[in-house]
Amino acid sequence: MKKQTRIISIIAAALSVAATAACTAGVQAKEYVPGTPVKVGLICIHNSDSTYDKNFIDSMGAAVKKLGDRLDGEPIIKTDIPESVDAYNAAKELVKSGCNLIIADSFGHEPFLLRAAKEWPQVTFCHATGTKAKTEGVKNFHNAFASIYEGRYLAGYAAGLKLQEMIDAGSLVAKNYDANQNIKLGYVGAFPYAEVVSGYTAWYLGVKEVVPNVVMDVTFTGEWYTIEGEKAGAATLAEAGAAIISQHADSMGAPGECEKRGIPNITYNIPLADKCPKTYLGYSKIDWAPYYEAVVNAMYDNKAIEGEVNNNWAGTIGTGSVVYDCVDAEHKAALETVKNELIAKTRRVFDCSKFTVKAAKADKSEYSKASYITMDDDGHLTGYLADVDDDGTYVGETEAIAQEGGITFFNESAMRSAPYFDIGIDGINKLN
Amino acid sequence: MTIKSLVKKLSLPFYLTKRIGFSKKKYWAIRAGGIVLAFLAAGIVCTCLKPGSFGEFYVQMFMGCFDPTDITIFVDLLVRFSILLLISVILIPPFKMRFWNIGAEGQILVGGLVAGGIAKFAPASLPNIVVLLICLAGAMLASTIWSLIPTIFKAFFNTNETLFTLMMNYIASTLSLMMIYIWVPTGSQNFGALTHGIFPTILGNPGTLAVAFTAVIFAGMYLYITKGKHGYEVTVLGESVDTARYIGINVKKVTIRTMATSGALFGVVGFFIVCAVNQSFSATIVGGQGFTGVLIAWLGHFNPLEVALFAFLSSVMTQGTSRVHMPSSAQFSAICTGVFFFIIIACEFFSSYKISWRHNEKKEASV
């Protein structure tokens, strides 16, 4: 026992000495010299088994081919990094390995990446989907997103064309209609965040553009990646009578369930023509390659990142950051027309004349957005204060309704790259 | 066919017997061999993923834990080790009295949840140290309550504590998600970084001070377990409830007291994880260490020093392999840590039981 006591005191003493030892050495980042190859590191929350991360990794591959000599070797890709201090540690490892540009792909990585950005101002840190860059004002910390709502709108438009075919062919059944003879759609979402709300609203408005009498049920899984949860969500929507289903979640759950039940499906991030031949209609995704290229070129040429405002970069369908596809060759031309209208800004996804917000304005619940909404007598939005600044107050402070070319629209992703459209519009019904 | 012959026909070609009189030296030699084997296995896995990287793997692994040019790397290791050590050691008293508490994960999480909530909403006018103390008190209270719920049911209604504590983990995790949802009503429901109620960053790590406190708590726990009256009562209770009753130990009181103590200490761990190590909170912030702690307490035979050894080796394995550059997936580190524990458990099994082959037996009988 005496011997043990001695060992224990040695362990305790060693721990305290190590903990309090005054030593200032740490990881030193090297200053990047413009015009020299950029070493890139990428931090991913999962690996390429997740469609979300696969998209980041594949886009990196495409960017590497285009950037060529401007990059210092293959990017270092760290996968399965949780949203904890591990993300900071991964960033530290990448700094140690000599990376000049470090990109992280998951929303929850943000506080840890921000911490690293403050510690190593010589290194450029880019965080996809985050919201802090605008308010934090850390020079080497950037946020990026893409207007995926445009892609979803187009995917919704493709779904609308398919739905019209189904109506014409008489293949819809009584279950597909609600009491007011509206056709039911379904959407499996991960969380009720602005990112998801913005996405499903855009998709719904896309369908509605072709078939005006549609309503939509939305179910949330509460996880980004849950095969069982997404399957169950799709099953619930199918039982409720959804004629077409789409989703914003990362697994094969919902597309698989739709294939089993024969319900047409629009996917996210991956084309599934091979795995769901009967029901796959099309997909949309963000292509991150234009962003990677913009950042690396800006560093290399010692310029500001092209298209960046307040350290925020939002790619659009015009910059090639939003990609979509549709299997039906006959519909492609129609989609191309809509796409060109979006690029020319003669058409807006969140055109306020195309939807009403009466229910949201009448909402009396705790998290009601009613006080931010102003609308005309018909229920069309005329003003909305969105929570653009992530300053910890969670209060809408920025007017998001704009007018241009005779269209009043919700100006999504213009003041900050991450989506902030979070209004529950009429016709969309949350199931949980 | 009689049942006896059926059993004989179906039985495996070997059988197990408990080893008796196995020397301690031999036992530790086998364990040491197992540890070496586990580290070799990690190198082999790495070589399979990237041929020719066997030697480089160990260099990078060593540098990932003990880089002599960068003290912060070693501090990272100490922080990781401290948290795991604390969890494992705090689990010892309940385990010693055969209270199978596998709810450490949840007990730590609720402590972290309360600490995080207080730190997030504390008025900025309060000095940091005051906020920290309130966070600590809140975390200890929350974790104590969380560990007392199953304990009281066990003490008064004799419910199964294994299932109960396990279930409480899921409730804690869902409760955390719910609270984040309430606290951060818009945006992406992300807790964000704490700016107030946080430990200072020393040697590049905000968890450094937690390491110093861990040393103190560990020494205290060591004395509590091995020297004090409480430790003795716990040991007797674990050996036999009837004996404990016979010598006048109040079983209910000791059970509740022990679990309350370990609960309060888990609150401290949660406080460290949120206010020091991560300076943020999420429902997955404990990251399974509550379960790894169970494994380590068990492998260390509830002896604090043995537990310290395994917590250290496991930390070296996890951090070292996660900083190897070749397969740069964190899953690689998880695989290596898994292989490590697998081999150590196998050593445990083979040094406790002896395998005898039946055909040898027949030969012996016929001679």
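Quick note: the coordinates plus some simple rules give every number you see, no bench work behind them. Quick caveat, the model's predicted, so the values are computed rather than measured. Neighbour counts are summed over all protein chains in view; Cβ atoms, including those assigned to glycine, are modelled from backbone coordinates with ideal geometry.
Pairs of alpha-carbon atoms within less than 8 angstrom and 6+ residues apart define the contacts here; what relative contact order does the stretch B:79-323 have, in percent?
41 percent
Give the lysines reachable from A:K364 as a straight Cα distance under 28 Å; neighbours fewer than 8 places away on the same chain don't count.
A:K184, A:K208, A:K354, A:K430, B:K120
Which one, A:I183, B:Y353, A:T135, projects farthest toward the positive side of the charge dipole computed for the protein assembly as shown from Cβ point charges (K/R +1, D/E -1)?
So the residue furthest toward the plus end is B:Y353.
Work out the length of the dipole vector of the protein assembly as shown about its Cα centre, built from +1 on the beta-carbon of each Lys and Arg and -1 on the beta-carbon of each Asp and Glu, and round it to the nearest 20 debye.
On the way: 67 positive and 69 negative charges, 953 e Å.
The calculation lands at about 4580 debye.
Within chain A, what's the longest stretch lacking chymotrypsin sites (Phe, Trp or Tyr not before Pro) that sit in DSSP loops with no more than 14 other Cβ atoms inside 10 Å? Mind showing how you got there, number by number?
Details: sites that count: A:Y367, A:Y394.
So the longest stretch without any such site is A:1-366.
May I ask you to evaluate 6.51 cos²θ - 1.76 cosθ + 1.60, the Karplus curve with θ = phi - 60°, for each residue of the stretch A:56-73 and list the ³J(HN,Hα) values in order in whole Hz, giving x for glycine and proline?
So the J values, rounded to whole Hz, are 5, 5, 5, 4, 4, x, 5, 5, 4, 4, 6, 7, x, 5, 6, 9, 8, x.
Just grab the label-to-label distance for B:K26 and B:S125, each label 7 Å out from Cα along the Cβ direction, in nm (one decimal).
Roughly 7.3 nm, to one decimal.
Please give the helix A:289-300 orientation as an angle from the longest Cα principal axis of chain A, in degrees from 0 to 90, rounded to the nearest 10.
The angle comes out near 40 degrees.
Convex hull over the Cα atoms of the stretch A:198-276, averaged projected area in nm²?
Dividing the Cα hull surface by four gives the mean projection, 5.1 nm².
Between A:D69 and A:K30, with labels modelled 7 Å along Cα→Cβ, what's the label distance in nm to one decimal, could you check?
1.9 nm
Three principal axis extents, largest first, for the C-alpha atoms of the stretch B:190-318, in Å?
Per principal axis, max minus min of the Cα coordinates gives 54, 29, 24 Å.
Have a look at A:G241, A:Y420, A:A104 and report the one farthest towards the positive end of the charge dipole of chain A, computed about the Cα centre with Cβ charges (Lys/Arg +1, Asp/Glu -1).
A:A104
At 7 Å along Cα-to-Cβ for each site, give me the label-to-label distance between B:T17 and A:N297 in nm.
Label-label distance for B:T17 and A:N297, simple model: 7.8 nm.
Which listed residue (B:T318, B:G270, B:G228) has the Cα farthest towards the positive end of the charge dipole for the stretch B:79-323, taking +1 on Lys and Arg C-beta and -1 on Asp and Glu C-beta about the Cα centre?
Looking along the dipole axis, the top candidate is B:G228.
Across every pair of different alpha-carbon atoms, what Kirkwood hydrodynamic radius in Å does the protein assembly as shown reach? Numbers along the way, then the final one.
Working: mean 1/r = 0.0342 Å⁻¹.
This gives a value of 29.2 Å.
Gap in Å between the Cα centre of the stretch A:252-302 and the Cα centre of the stretch A:32-100?
Comparing the Cα centres of the stretch A:32-100 and the stretch A:252-302, I get a distance of 20 Å.
I need the P(r) histogram for chain A: all alpha carbon pairs, bin width 20 Å from 0 out to the longest distance, whole percents.
Result, from short to long distances: 25, 52, 19, 4, 0 percent.
Would you mind ranking A:M375, B:M317 by Cβ crowding within 10 Å, fewest neighbours first?
A:M375, B:M317
Just to be sure I understand: with springs between alpha-carbon atoms less than 10 Å apart, which residue in B:V130, B:V339, B:V269 has the highest mean-square fluctuation in the Gaussian network model of chain B?
Fluctuation is largest for B:V130.
Would you mind checking the pairs A:K332/A:K369; A:K134/A:K285; A:K65/A:K345; A:K162/A:K339 and listing those with alpha carbons more than 27 angstrom apart?
Correct reply: A:K332/A:K369; A:K65/A:K345.
Cβ under 15 Å from A:G253's Cβ, A:G253 left aside: what net charge do those residues give with Lys, Arg +1 and Asp, Glu -1? Please list the in-between numbers first.
Details: positive: A:K231, A:K260, A:R261, A:K275; negative: A:D49, A:E223, A:E228, A:E230, A:D250, A:E257, A:E259.
Overall, the nearby charge balance is -3.
Quick one: which residues, 5+ away or cross-chain, put their amide H under 5 Å from the amide H of B:S280? H built at 1.01 Å from N.
B:L194
Hey, with R₀ at 45 Å, roughly what FRET efficiency would B:V59 and A:K364 work out to, going by the Cβ-Cβ distance, to 0.05?
On the way: r = 64 Å, r/R0 = 1.42.
Using R0 = 45 Å, I get an efficiency of 0.10.
Could you list which residues have their amide H under 5 Å from that of B:T159, counting only those 5 or more apart in sequence or on another chain, with H placed in the peptide plane?
Amide H neighbours of B:T159, under 5 Å, 5+ apart: B:K154.
Could you list A:K303, A:K430 in order of exposure, starting from the residue whose Cβ has the fewest other Cβ atoms within 10 Å?
On the way: A:K303 11, A:K430 15.
The most exposed by this proxy come first: A:K303, A:K430.
Alpha carbons only, please: Rg and Dmax for the stretch A:84-139, in angstrom.
10.1, 30
Starting with the fewest neighbours, write out A:M299, B:M326 ranked by other beta-carbon atoms found within 10 Å of each beta-carbon.
Sorted ascending by nearby Cβ count, the order is B:M326, A:M299.
Determine one quarter of the surface area of the Cα convex hull of the stretch B:143-248, which equals its mean projected area, and express it in nm² to one decimal.
On the way: hull surface 42.2 nm².
Taking a quarter of the hull surface, the average projection is 10.6 nm².
Quick one: P(r) of the stretch B:79-323 from all Cα-Cα pairs, 5 Å bins, percents rounded to integers, in order of increasing distance.
1, 7, 14, 18, 19, 16, 12, 7, 4, 2, 1, 0, 0
So what is the relative contact order for chain A, in percent, with contacts set as C-alpha pairs under 8 Å and at least six apart?
16 percent
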